[in-house]
1. Over the chain, with a Gaussian network built from C-alpha contacts below 10 Å, which listed residue (35, 180, 142) shows the highest mean-square fluctuation?
2. If you wrap a convex hull around the C-alpha atoms of the range 55-118 and split its volume per residue, what is the figure in Å³?
3. Output the Cα-based Rg and Dmax of the range 142-223 in Å, rounding Rg to one decimal and Dmax to a whole number.
4. Using alpha carbon coordinates only, what is the Rg to Rh ratio of the range 132-281, with Rh defined as the Kirkwood radius?
5. Let me check I have the definition right: for the range 6-58, take the eigenvalues of the Cα gyration tensor, multiply each by 5, take square roots. What are those semi-axes in whole Å, largest first?
6. What ranking of 45, 188 emerges when the number of other C-beta atoms within 10 Å of each C-beta is taken as an exposure proxy, fewest first?
7. Considering all projection directions equally, how large on average is the shadow of the alpha-carbon convex hull of the range 133-176, in square nanometres?
8. If eta is 0.692 mPa s and T is 37 °C, what Stokes-Einstein diffusion coefficient results for the range 208-267, Kirkwood Rh from Cα pairs, in µm²/s?
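No value in this document is a laboratory result; all are computed from the given coordinates. As the structure is a computational prediction, the values presented were derived from the model and not from experiment. A quick note on method: Cβ atoms are made from the backbone with ideal geometry, for glycine too, and the neighbour counts reach across all protein chains shown.
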């Protein structure tokens, strides 16, 4: 380890104070003993060895203990300047820092990192835009509602302007948005396109609260963050936002493979609306001709 410049004492010997003669008694110099003598600095007879200190070093790792549907964030562990020393060289001190980083970075990443939803844009078995099933009640500006199959082109719907969202009907852009809070104000927006199609797979949320194609883009809260995900990716434990500014828990998610009539609709310039009292979104039509 090299000399530190301090002289320590392994044992103590008892002396008489009147004539300074030895009593012939010795004992270990123990820290807990009342007579303990601490090391003393003596650079003359115990010259300290030269010390070389490590510089700042960094190593990153990705959190790897997230569940299915999540990806871990990248975390950087830092070895700070002078954290390690060597009596040989700076390179040796830095090597100690690197070894420490390698041994600890993954544990640190798993503890300090966050899990994020793995987002993939909807594809295949496309869903159109706003593909709710027949009978879904859509809220009008006066607070009344109308079944989705009864809506007409240019009809105004109650819409919502979300404070932190630059609203768009491009799903790829919407996937980039998330927020740890939801502040919104009510507005209106007209239907610019509506049609009827047939779907052979729909997702049913909370035993019929919502039913739409798996690629329908839905606002949810997960792990404290609001974002838009395909309805097919919703999990029990996610939250939905209601027309009464309430947050409700998703308690069930089931798949329906029976033939259902669906009604893709597009709003412009705002793209949010309320389906069965739940805030949702339309988005750019999928490229696939079949929902």
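1. 35
2. 62 Å³
3. Every Cα atom of the range 142-223 included, Rg and Dmax give 14.6, 38 Å.
4. 0.93
5. 36, 15, 8
6. 45, 188
7. Answer in nm², one decimal: 4.3.
8. 260 µm²/s
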